[in-house]
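None of the figures in this text is laboratory data; all of them are computed from the coordinates on show. Because the structure is a prediction, the values reported are computed rather than measured. Cβ: placed from backbone, ideal geometry, glycine included. Neighbour counts: every protein chain shown.
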Amino acid sequence: MICPKCGTKQEDEKLECTHCGVIFAKLTQEDFAPSIYRPGTPTISDKSAKRPISMIVIILLLLVFIGYYMHNKLEQKRIDNIGPVAEQPIQESTDAATVQRPGFEIQPVARYKIRAKVLSIERYRSGRWSEFSPLDFALGWGPMSDNAITGKLNISQGNRWYHYSWKDTPPIDPALIVRNSANTHLVPADDNIKSSLFKVRKGEIVRLEGYLINVKDSDGGSWRSSLTREDSGANSCELMWVTGVVIE
């Protein structure tokens, strides 16, 4: 006879194991069956070894899930608690000199500062102009920074455009949407600015400082910034040379 707990062979029939002391009369028939994991090894041994490992894995997975869920809930609550941005973008005249970049000539046409809520972010990865301007921010201020309003709009970006739509009736006059939001093509002044821009997330309040610019490339192409917040449609986007970034 072999003890199903410790595996010690018994010299004769006894009431308890000579090695571990387990009382055989208290064991069930199942305890004497061979393990399905290691043939020839008693079942009790296998169960006691594998059960704690399985429970640890389940507990760890549960903790990871709970942590991820709570992080997302707190992040969404933080974003929802951000109030409207009252101030309008500031645009001033400038006499800044032309800036040369390999393959591009950059002409500042206005000094520009904006504090706004990020309604959407679109990243561009292919094509020459994507290297020059890798990001577009759809920015909102005034009523277009209010969650009660933007929550009723479907907002998206693509192909350097900013789109919005609504069901049934618009939450505010569409003219106010035009005057209080903008799709802004971002041109980072250096790698540090570029890194900061990539850290911005949808729903955050961001302060951007720099210049609205017109650009020519060495192949004869050009890109011009809008200089008013009243326009919409083609050529209505701001093309911004970003020299400062603050995420609130």
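Explain nothing, just the number: relative contact order of the range 132-248, from Cα pairs under 8 Å at least 6 residues apart, as a whole percent.
On the way: 188 pairs, mean separation 33.0, N = 117.
Worked out over the range 132-248, it gives 28 percent.
Could you tell me whether the range 90-247 comes out rounded, prolate or oblate from its Cα gyration tensor? Rule is a ≥ b ≥ c as square roots of the eigenvalues, rounded for a/c under 1.5, then prolate if a/b exceeds b/c, otherwise oblate.
Values: a/c = 1.72, a/b = 1.69, b/c = 1.02.
It comes out prolate by the Cα gyration axes.
Given a cut-off of 30 Å, name the pairs among Lys113/Lys199; Lys152/Lys216; Lys167/Lys194; Lys152/Lys199; Lys167/Lys202 whose C-alpha atoms lie farther apart than that in the structure shown.
Flagged as over cut-off: Lys152/Lys216; Lys167/Lys194.
Could you please rank His185, His71, placing first whichever residue has the fewest other Cβ atoms within 10 Å of its Cβ?
Numbers: His185 22, His71 10.
Ordered by Cβ neighbours within 10 Å, fewest first: His71, His185.
Return a whole-number percent for the relative contact order of the range 67-193, with Cα pairs under 8 Å and 6 or more residues apart as the contact set. Show your work: numbers first, answer last.
Numbers: 182 pairs, mean separation 28.9, N = 127.
Relative contact order comes out at 23 percent.
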